[in-house]
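Every number in this text was worked out from the coordinates using simple rules, so none of it is lab data. Being a predicted model, the structure only gives us computed values, none of them experimental. All Cβ positions, even for glycine, are placed from backbone atoms using ideal geometry, and neighbour counts span all protein chains on display.
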Amino acid sequence: MTPGAPEPAELPPDAVEVGRVLDAWGIKGWFKIQPYSASPEALFSSQRWFLQQPERGARHFSGTVSLSIKQTREHADTVVASAHEVPDRTAAEQLKGARIFIARSSFPTPEEGEYYWVDLIGLPVVNREGVALGHVTDLMATGPQQTLVLGYEANGKQLERLIPFVDAYVDEVDLAGKRITVDWQADY
């Protein structure tokens, strides 16, 4: 990267990948981001972003670098941002394809009954009778609701189970106790 560019940094232990840089935006050093969430509050709340080079394509820096964010705002279905370390379009172009990480501790506090997907991944799920149904491996947006994707093993095979993430089926999400309790049977 050019002189005055982002400084090398270490990725925080609680870093979460939240998007990637699409390209430069305008001539004053702004850059366009494709957020991985339809509600990119973490991008707006964090003042420090960590970037890693793209998995493919041109690489203008190595390792992890840190950006001190000046401004962010929504632009159509993307986000645009400016950073102190990115003074002009040329510097912004060198970020193209970079993966953006934010420390999980920088995320805004969710409302009661709301959860970040990253906090649910890996949690074991049990039903009311205490029967283990699997671990959350993913969440899937299915129209107006989310669906928990559970991984479990049966007869030596890795299988998936889908449970709608709605109050009718989810009794409790205990992040501190690291467990989700549901009204669901193993043979559903």
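What FRET efficiency would be calculated for the residue pair residue 68, residue 131, taking the C-beta separation as r and a Förster radius of 45 Å, to the nearest 0.05?
Details: r = 49 Å, r/R0 = 1.09.
Computed FRET efficiency for residue 68 and residue 131: 0.35.
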- Taking GluC sites (Glu not before Pro) in a DSSP loop with at most 12 other Cβ atoms within 10 angstrom as exposed, one finds the longest site-free stretch of the chain at 130-188
- Message: Let me make sure I get this right: for the chain, a, b and c are the square roots of the gyration tensor eigenvalues over alpha carbons, sorted descending. Under 1.5 in a/c it's rounded, otherwise prolate if a/b > b/c, else oblate. Which is it?
- Response: prolate
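What trypsin sites (Lys or Arg not before Pro) in the range 1-54 are in a loop by DSSP, with at most 14 other Cβ atoms within 10 Å of the Cβ? Numbers along the way, then the final one.
Working: sites: 20, 28, 32, 48; in loops: 28.
Answer in residue order: 28.
Tell me the net charge near residue 66. Cut-off is 13 Å between Cβ atoms, residue 66 excluded, with +1 for each Lys or Arg and -1 for each Asp or Glu.
Residues close to residue 66 contribute a combined charge of -2.
Can you list which of the trypsin sites (Lys or Arg not before Pro) found in the range 113-188 are DSSP loop residues with at most 15 other C-beta atoms within 10 Å? Don't jump to the answer; show the numbers that get you there.
Values: sites: 128, 157, 161, 178, 179; in loops: 128, 178.
Passing sites in the range 113-188 are 128, 178.
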- Note on the structure: Expressed in Å to one decimal, the Kirkwood Rh of the range 117-182 from all distinct alpha-carbon pairs is 12.0
- Message: Whole angstrom only: what separates the Cα centroid of the range 64-85 from the Cα centroid of the range 119-140?
- Response: 35
- What percentage of all Cα-Cα pairs in the range 71-180 are separated by more than 20 Å? 56
- Helix-derived [θ] at 222 nm for the chain: sum -39500 (n - 2.57) over DSSP H runs of at least 4, divide by residue count, nearest 500? -1500 deg cm²/dmol
- Task: Pull up the cross-link candidates among the lysines for residue 96, meaning alpha carbon to alpha carbon under 21 Å and not fewer than 8 places away within one chain.
- Result: 28, 32, 70
